[in-house]
Amino acid sequence: MISFDTFVLEYLNSFSRVSGPFDSFVYFVAGNHLVKAAVLLMLFWWLWFVQNEGEQLRREKLISTIIACFVAMGVARGLALTLPFRLRPIHESSIEFQLPYSMNASTLDGWSSFPSDHAVLFICFSTGLFFVSKRAGIMAFLYATVVICVPRVYLGLHYPTDIIAGGLIGATAAGLCNTRIFLLRVSAPVLRWEKVNPQYFYPLLFLVSYQIADMFNSIRDIFSFLAWLVKTIFGPQL
């Protein structure tokens, strides 16, 4: 563990178990998808429907933001599965981490700490909103940092460098998906399809935005179940 991680983690951990209600509040915020993601999704939908000039470009960038989230999460999962496994602070025996109240020591046991999926997804989302509206983007960055990322370090789920690396991955994906060529070749055709088939586009966009709010947990559960089902039925033959 590098000195930066040690310094930040020890500072935040010094507040652990000082107040039961505070620890429980941080634990609640970190685990509640409505608190974590709904505010950011509200910004997205507000920007989509707000009435002002530049609607075409604004919606193209919002579509790019959604696509960037999928790209960023794909990269993050790939890195987590291929890079050396990194224990989370709550599972690392070499550090004296004081477990906050309400926190279960077995949480996410077996899942690599690096990079932070939450930082990847919500910094990517915030960066995409910044390309649409600087004010909304700054609000989203602050919210994602204070409400989503910092609590995960406080609870021992991530090191600060997990968050920073995740944020860089997310911001890079959002930046690449907001280049002019991407907007012209990918987002603009999607938006043209929306004009012709809104009855298909908006249910799909709702489903996608729901998955972002859910941290793609529903999709992960479906794939995990299908993998288990295939292994159970065809295991001996594979």
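Remark: pairs (first residue in the stretch 1-29, closer than 17 Å to ILE148 by Cβ; second residue among the hydroxyl-bearing types (Ser, Thr, Tyr) and assigned to a helix (DSSP H, G or I); Cβ separation under 7 Å; 6+ apart in sequence or on different chains) = LEU12/TYR154; VAL26/TYR154. Of LEU62, LEU41, all but one fail to be part of a helix (DSSP H, G or I) and surrounded by fewer than 20 Cβ atoms within 10 Å (Cβ to Cβ); the exception is LEU41.
Among the numbered conditions (1) over 13 Å from the mean Cα position of the chain (by Cα); (2) part of a loop (DSSP other than H, G, I, E, B); (3) not acidic (Asp, Glu), the only one that MET215 does not meet is (1).
Remark: ASN13 falls outside the filter, which requires a residue to be loosely packed, with under 15 Cβ neighbours inside 10 Å and not hydroxyl-bearing (Ser, Thr, Tyr). Summed over the stretch 116-137, residues that are in a helix (DSSP H, G or I) and over 20 Å from ARG58 (Cβ atoms) total 7.
Return the residues of the stretch 127-149 that are closer than 17 Å to LEU47 by Cβ, β-branched (Val, Ile, Thr) and buried (at least 20 other Cβ atoms within 10 Å of the Cβ); say none if nothing qualifies. Scanning the stretch 127-149 gives THR127, VAL132. Taking PRO100, is it part of a loop (DSSP other than H, G, I, E, B) and closer than 20 Å to ALA174 by Cβ? Taking the combined requirement at face value, the residue does not satisfy it. Within the stretch 30-45, take every residue that is without any contact (Cβ under 8 Å) to a residue 60 or more places away in the chain and of a type outside the set (A, V, I, L, M) and give me the one that is nearest to LEU99 (Cα to Cα). If we take residues in the stretch 30-45 being without any contact (Cβ under 8 Å) to a residue 60 or more places away in the chain and of a type outside the set (A, V, I, L, M), then GLY31 is nearest to LEU99 (Cα to Cα).
Here's the yes/no breakdown for (1) at pLDDT 90 or above; (2) part of a helix (DSSP H, G or I); (3) of a type in the set (Lys, Arg); (4) buried (at least 18 other Cβ atoms within 10 Å of the Cβ):
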| position | (1), (2), (3), (4) |
| --- | --- |
| PRO151 | yes, yes, no, yes |
| ILE163 | yes, yes, no, yes |
| LEU168 | yes, yes, no, no |
| ALA173 | yes, yes, no, yes |
| VAL186 | yes, yes, no, no |
| LEU207 | yes, yes, no, no |
| ARG220 | no, yes, yes, no |
| LEU226 | no, yes, no, no |
| ILE233 | no, yes, no, no |
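Before we move on, is LEU81 surrounded by fewer than 18 Cβ atoms within 10 Å (Cβ to Cβ), assigned to a loop (DSSP other than H, G, I, E, B) and aliphatic (A, V, I, L, M)? No; evaluated as a whole, the condition is false for this residue. Every listed requirement among (1) part of a loop (DSSP other than H, G, I, E, B); (2) surrounded by fewer than 22 Cβ atoms within 10 Å (Cβ to Cβ) is met by GLY156 save one, (2).
The values are calculated or read from the model by the stated rules, or taken from the named source; none is laboratory data. The model shown is predicted, which means the values in this text are computed figures rather than measured ones. Every residue, glycine as well, gets a Cβ built from its backbone with ideal geometry; the counts of neighbours run over all protein chains shown.
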